[in-house]
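Chemist: Have a look at the structure that comes next, please.
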Amino acid sequence: MLVSLRELLQEAKRGRYAIGAFNFSNLETLRAIILAAQRRSAPVIIQTSQTAIKYAGLEYIVAMARVAGEQAGVPVVLHLDHGTDLATIEACIKAGYSSVMIDASHHSFTENIRLTKEVVAMAHAHGVSVEAELGRLAGQEDEISVGEREAAFTDPAEARAFVEETGVDALAVAVGTAHGLYRGEPHLDFLRLQQIAELVSIPLVLHGASGVPDASIRQAIACGISKINIDTELRIAFYRAVKNFLDHHDTYDPRKFLSPAIDAMAELVEAKIDLFGSANKAVR
Ligand code: G3H
Ligand code: ZN
């Protein structure tokens, strides 16, 4: 069974660890994430962007995720990542997602609240949890591109008002991470993160975690992060394994060149699960 984000993140917040949210777009990337979660006995969030849904098809995604939820033996959340389009969010809720994100962070504070409240009402009526975002991360996440100048850190006082107004279940914050590859080393604003965590009672989410040094990830968790999103690093591990295999073998059988990619991605997801402290937390 697929579980909601709310219950898993509340538990993670209490236990001071974070749950990995890993993006997938096909059977192979899904299998890599589930294999890793099983090996580490970890609860896991499998998430798709809107473009992943366009790529694989909503019904295929939900069907594959349902099987994963039934067979994994660990709690699995099927989450919509960066939902910007209300029609897609509604379709995901109706199709069987157990959690959705409404990313209205590019709108004004008031409009972000209005849209988030609308999604919370719709999702909660179906027992589906909601993540929202306040502040703007720089970088490229599928179709969403934000320049460094447009990026804005989350204001702690606004975060408190936003959470109280919207009734959202988890809040993504902008504290110095960016989507995609970093040019230099990212520097996180831990003081700001601590201030937000003191004012906001719901679990906090860190986006753009690919390429963030392990020490910063540990400190972010200590400061109150309960969900960590990883996408780019997984794609790179997958791509490198396919490339490496095809550089050394001549085969047209997708199973042959995709199997090493599943293994490489699973290994990376396992390492992230260990780093986030969610291994052996899969009690149903
Ligand atoms: O929503 C997805 C994440 O924020 C992924 O960011 O590609 O930089 O790991 P990343
Ligand atoms: Zn993100």
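Values quoted throughout were computed directly from the atomic coordinates according to the rules given, and no laboratory measurement underlies them. What you see is a predicted model, and the numbers here were worked out from it, not measured in a lab. Note that we place each Cβ from the backbone using ideal geometry, even for glycine, and neighbour counts take in every protein chain shown.
Chemist: Taking amide H positions as placed in the peptide plane 1.01 Å from N, state which residues far from Ala104 in sequence (5 or more) or on other chains have amide H under 5 Å from it.
Modeler: Excluding prolines and chain starts, which carry no amide H, the hits are Glu133.
Chemist: In the range 56-141, what chymotrypsin sites (Phe, Trp or Tyr not before Pro) fall in a loop by DSSP, with at most 10 other Cβ atoms inside 10 Å?
Modeler: Numbers: sites: Tyr60, Tyr97, Phe109; in loops: Tyr97.
In loop regions of the range 56-141 (DSSP not H, G, I, E or B), there are no sparsely surrounded chymotrypsin sites (Phe, Trp or Tyr not before Pro).
Chemist: Ok, one more. To the nearest µm²/s, what D does Stokes-Einstein give for the range 5-276 at 10 °C and 1.306 mPa s, using the Kirkwood radius over alpha carbon pairs as Rh?
Modeler: It comes out at roughly 85 µm²/s.
Chemist: Separate question: Once phi is turned into θ = phi - 60°, what whole-Hz ³J(HN,Hα) does the Karplus curve with 6.51, -1.76 and 1.60 give for every residue of the range 271-281, x standing for Gly and Pro?
Modeler: For the range 271-281, the Karplus-derived couplings read 5, 5, 4, 4, 4, 6, x, 9, 5, 6, 10 Hz, x marking Gly and Pro.
Chemist: If the chain between Ala87 and Arg183 were fully stretched, how many nm would it gain, using 0.36 nm times the residue separation less the Cα-Cα distance?
Modeler: Gain in length upon complete extension: 31.0 nm.
Chemist: Further question on the same structure: Distance in nm between label sites at Ser145 and Gln71, each 7 Å beyond Cα in the beta-carbon direction?
Modeler: It works out to 3.9 nm between the two label points.
Chemist: I would also like to ask the following. Charges only on Cβ, +1 for Lys and Arg, -1 for Asp and Glu: so what's the dipole of the chain about the Cα centre, in debye to the nearest 20?
Modeler: My answer is approximately 720 debye.
Chemist: Right, another one. Within the set of other residues whose C-beta is less than 14 Å from the C-beta of Ala91, count the net charge using Lys and Arg as +1 and Asp and Glu as -1. Let's see the in-between values first.
Modeler: Numbers: positive: Lys54, Lys94; negative: Glu59, Asp85, Glu90.
The answer is -1.
Chemist: For the range 81-218, what is the charge dipole size about the Cα centre, in debye to the nearest 20, if Lys and Arg each add +1 at the Cβ and Asp and Glu each add -1 at the Cβ?
Modeler: Values: 9 positive and 22 negative charges, 34 e Å.
That gives a dipole near 160 debye.
Chemist: May I pose another question? Got a sec to turn the phi values of the range 207-215 into Karplus ³J(HN,Hα) couplings, 6.51 cos²θ - 1.76 cosθ + 1.60 with θ = phi - 60°, whole Hz, x for Gly and Pro?
Modeler: 8, x, 8, 4, x, 7, x, 3, 4
Chemist: Next up: Expected output is a single nm value to one decimal: the length gained when fully extending between Arg39 and His248, i.e. 0.36 nm times separation in residues minus the C-alpha distance. What is it?
Modeler: Full-extension gain reported as 72.4 nm.
Chemist: Here is a follow-up. Lysine pairs in the chain with Cα distance under 15 Å, only those 8 or more apart or on different chains: how many are there?
Modeler: Number of lysine pairs found: 6.
Chemist: Identify the residues of the range 106-139 with backbone N under 15 Å of a label point that sits 7 angstrom from the Cα of Leu199 along the Cα-to-Cβ direction, or state none.
Modeler: 109-110, 134-136
Chemist: How would you order 69-78, 241-250 from highest to lowest mean count of nearby Cβ atoms within 10 Å?
Modeler: 69-78, 241-250
Chemist: Right, next: Among Ile196, Ile113, which comes first, then next, by fewest other beta-carbon atoms within 10 Å?
Modeler: Ranked by crowding around the Cβ, least crowded first: Ile113, Ile196.
Chemist: Using alpha-carbon pairs under 8 Å, 6+ residues apart, how would you state the relative contact order of the range 1-115 in percent? Can you show the working numbers first?
Modeler: Numbers: 166 pairs, mean separation 32.2, N = 115.
Averaging sequence separation for qualifying contacts and normalising by length gives 28 percent for the range 1-115.
Chemist: Determine ³J(HN,Hα), in whole Hz, for all residues of the range 105-113 in sequence, where each value follows from phi through the Karplus function 6.51 cos²θ - 1.76 cosθ + 1.60 and θ = phi - 60°; x replaces Gly and Pro.
Modeler: 5, 7, 8, 5, 4, 5, 5, 4, 4
Chemist: Kindly express, to the nearest 10 degrees and within the range 0 to 90, the angle between helix 232-248's C-alpha long axis and the longest C-alpha principal axis of the chain.
Modeler: 10 degrees
Chemist: If each residue of separation counts as 0.36 nm, what is the full-extension length gain between Phe190 and Arg235 once their alpha-carbon separation is subtracted?
Modeler: Roughly 13.4 nm would be gained on extension.
Chemist: If amide hydrogens are placed 1.01 Å from N in the peptide plane, which non-local residues have theirs closer than 5 Å to the one on Val173?
Modeler: Distant-sequence amide H within range of Val173: Val205, His207.
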